[in-house]
Amino acid sequence: MILTCAIIDDEPLAISLLESYVNKTPFLRLAGKYNSAINALPVLSKEPVDLLLLDIQMPELNGMEFSRILEADTRIIFTTAFSQYALDSYKVNALDYLLKPISYPDFLKSANKALQWYELLRNNISAQDTTATPPSPTPAPEKKEIESIFIKTEYKLMQIELRKILYIEGLKDYVKIFVEDEPRPILSLMSMKNLEDMLPASRFIRVHRSFIVQPEKIKVIERNRIVFGKEYIPISDNYKQKFMEFLASRSLLP
């Protein structure tokens, strides 16, 4: 079995060392190396790797934050000079934690953990395939409008009731979903287009390149902006006509 891997570190010497370790490990193949999590994000979101060698202290987006929005199937080995992050690394389901300077024997031990994890996963899938019996055909159920969606966030799937969504903000390669009674938005690595396709058009409307709102939750519109508490959502010209048609269908004003 060959595992694809990537390196993210803001230190060129650390990248060179890890690259040399990967190249002499027969079951690893280097798919990419990046000097920041920001640079790696658009590539790894489209082409995930099996194993990620990830530094923690980096500018803009640190390794711990990046790990929470990464594809859940990717196994992570943190590589850092700071031991205080060890406990946090296991909270995000990291496979291992290597302290710099990293020796090749320590690296190989961690890489073997990843290999064993994927071999176990493959064996489990094979066992399920051989024991499963094909289900008998049943008539297709009548299509109903969905009431909730599952979103991948922080290494888990979270079910979100559509009726509780206030609005959604798109930020490059991930989205922030603002939900009633949640103190913080739910962050997920996916595009606005993919999420928009999941949502029923009868309940959600796009008002800006970066915003989707649930009209039933709108209470105030002020100066071409939708007000949610202290947040103001702009209504752009490209989406204004459709939104005004919605308002006209609900308004008693001439």
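The values are calculated or read from the model by the stated rules, or taken from the named source; none is laboratory data. Computed from a predicted model, the values in this text were never measured in an experiment. All Cβ positions, even for glycine, are placed from backbone atoms using ideal geometry, and neighbour counts span all protein chains on display. Protein only, heavy atoms only, side chains kept; ligands, DNA and RNA dropped before computing areas. Shrake-Rupley method; radii C 1.70, N 1.55, O 1.52, S 1.80 Å.
Can you say whether residue 109 is open to solvent by 70 Å² or more (accessible area, probe 1.4 Å) and at pLDDT 85 or above, as far as the supplied structure shows? Answer is yes for this residue.
Just so you know, in the stretch 223-239 the residues that are at pLDDT 90 or above and of a type in the set (D, E, K, R) include one that is most open to solvent (accessible area, probe 1.4 Å), and it is 237.
Take the conditions (1) surrounded by 14 or more Cβ atoms within 10 Å (Cβ to Cβ); (2) of a type in the set (A, V, I, L, M, F, W, C); (3) within 24 Å of residue 40 (Cβ to Cβ); residue 171 misses just one of them, which is (1). If you go through the stretch 149-205 and keep only what is charged (D, E, K, R), without any contact (Cβ under 8 Å) to a residue 24 or more places away in the chain and under 21 Å from residue 38 (Cα atoms), you end up with 176, 193. When you scan the stretch 150-164, do you find a residue that is of a type in the set (Phe, Trp, Tyr) and touching a Phe, Trp or Tyr at 6+ places or on another chain (Cβ under 7 Å), even just one? Within the stretch 150-164 (the criterion being of a type in the set (Phe, Trp, Tyr) and touching a Phe, Trp or Tyr at 6+ places or on another chain (Cβ under 7 Å)), the answer is no, since none of the residues qualifies.
Kindly evaluate residue 217 against the criterion of being under 29 Å from the mean Cα position of the chain (by Cα) and basic (Lys, Arg). Considered against the rule, which asks whether it is under 29 Å from the mean Cα position of the chain (by Cα) and basic (Lys, Arg), residue 217 comes out as yes.
When the stretch 220-254 is filtered for residues that are in contact (Cβ under 8 Å) with a residue 40 or more places away in the chain and over 31 Å from the mean Cα position of the chain (by Cα), only 246 remains. Within the stretch 6-52, the set of residues being in contact (Cβ under 8 Å) with a residue 40 or more places away in the chain and either in a loop (DSSP other than H, G, I, E, B) or open to solvent by 60 Å² or more (accessible area, probe 1.4 Å) (or both) comprises 9, 10, 11, 17, 24, 25, 27, 49, 50.
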